[in-house]
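Every number in this text was worked out from the coordinates using simple rules, so none of it is lab data. Here the structure is a predicted model, which is why all the values come from computation and not from measurement. Every residue, glycine among them, receives a Cβ derived from its backbone with ideal geometry; neighbour counts consider all protein chains shown.
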Amino acid sequence: MSRIFPVVKGRDLWYSGGMKKLCILCCLLLLLIACGAKEPTGGPIAYIPAETGAVPAQATEAPDPTAAPLFTPMPTEAPTEVPTFTPAPTATPEPTPVPMEERLRRYAAGMTDKEKIGQLVMFGFSGTRTVSGEFAGIMADYAVGNVILYGPNIVRDDRDGGFDRCAQLTADIRAHNATAVPLLISTDVEGGSVTRFRWRTRIQSANILGLNDDAEAARLQFERIGTALFDVGINTDLAPVLDVAKSPSRTFLGDRILSSDEAVAARMGCACIEGLQTGGCLSIVKHFPGHGATNADSHNTTPVVKKALAELEEYELVPFRQAVAAGVDGIMVAHILYPQIDPDFIASQSEIVIGELLRREMGFEGVVMSDDFRMNGLRSRSSLEDAAVRFILAGGDLILCGANHSYQRSILKGLTQAVADGTISQERLNESVVRLLTAKMKITDWEP
């Protein structure tokens, strides 16, 4: 076997220890070179020239579209829906109901002066089936709010006593109403000599009712009256008479007076009021503060009663006080002078009688009505224009005037001028209008 390495002088290096170490190092070096020459899995290594000093970069291969993805992402879960808080809707507060009295005040305030003044009058006319042309014009021009039917308007000789024809007449009256506020349509069925219609069952006079002193019989009679009137379109009866007299036959009222006993007159009067109201009518009693102490007739002259207030309180005023307590709808004031109460003005013009005695002292809050303005008991003392204004200023609400259209225009002229110049204030005007609207609500389905 030939030697690979040369012979070194003085000694054979093949066998020397140093030579063995060299051989081992060489073998390791060759092994390392062989391992480094194997191509890496990621592909050939590209070498960058040494002088750049850059580190060799691994070449990239195009991705294999068929290869399985190295990383399979986890499916994204749908986000959990967080419940939202929906606040409960705020309840709309219920509107506070407006009291009826306030509604009436607002309604009255919104009316025109002509409409308000029209509410303060109750006028008559001639006609039995339709409204006369002249009165139709007055109703339209002045917005007349209330109408009265006297005897000439009712044909009691008709087979049915005048009821059917009266129903036609009241329908025509309502057709001429100039406003949305219903009319008071009145008459004065008292019984006895004042019945207006012919009744199948006789209506007892006030005097007979008082003599019988049967309150239930009186109540039933006036309930029948109220129902019959309401059925033909009449909603107000100027009854009962509450005057008392020691000798009724010596007065012009006669059998229209219930009793000479003030307690009986009061008891029977309240029964009549209840009956009318049950039948569907307003009751307007008369003739405050009392016509029984004189035999003079205020249709012809001005009666004078010289009684002091204390005397009236003990007798004449007793039935009226009881009527107020019973809830009577209206009180008619007489054209009589009581000089010891008011020396200057008759009762229907007196603020002492109406404003102080009836309103404040007796506490009456209903409708105060005048006796008919055609009567000489009034006209002999004042012009109609001035009398109309004074009646309202004294505390009155409703002026009565029968079928005299000249008188009616004078009344309306006086009221219109007084409202225009402020003599009758809007506040005072509205007070009366509200009272009348309140009364109308009782016997109609009207509301403001």
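Its relative contact order, with pairs defined as Cα atoms under 8 Å and 6+ residues apart, puts region 308-448 at 21 percent. Label-to-label distance, GLU431 versus ARG381, with points set 7 angstrom from Cα along the beta-carbon direction: 2.1 nm. For region 356-448, the equivalent ellipsoid built from the Cα gyration tensor has semi-axes of 22, 16, 15 Å, listed from largest to smallest. A prolate overall shape is assigned to region 97-144, the ratio a/c of its alpha-carbon gyration tensor axes (a ≥ b ≥ c) being 1.5 or greater and a/b exceeding b/c. Entry note, region 115-443: relative contact order of 16 percent, from Cα contacts under 8 Å with a spacing of 6+ residues. Listed values for region 261-272 are Karplus-derived 3J(HN,Hα) couplings in whole Hz (6.51 cos²θ - 1.76 cosθ + 1.60, θ = phi - 60°), namely 8, 4, 5, 5, 4, 5, 5, 6, x, 5, 5, 5, and x replaces Gly and Pro.
Treating each Cα of region 115-443 as an identical point scatterer and summing with the Debye formula, the log10 of I(q)/I(0) at q = 0.14, 0.15, 0.16 Å⁻¹ comes to -1.08, -1.26, -1.45. Averaging the sequence gap over all C-alpha pairs within less than 8 Å and six or more residues apart, then dividing by the number of residues, gives region 299-386 a relative contact order of 39 percent.
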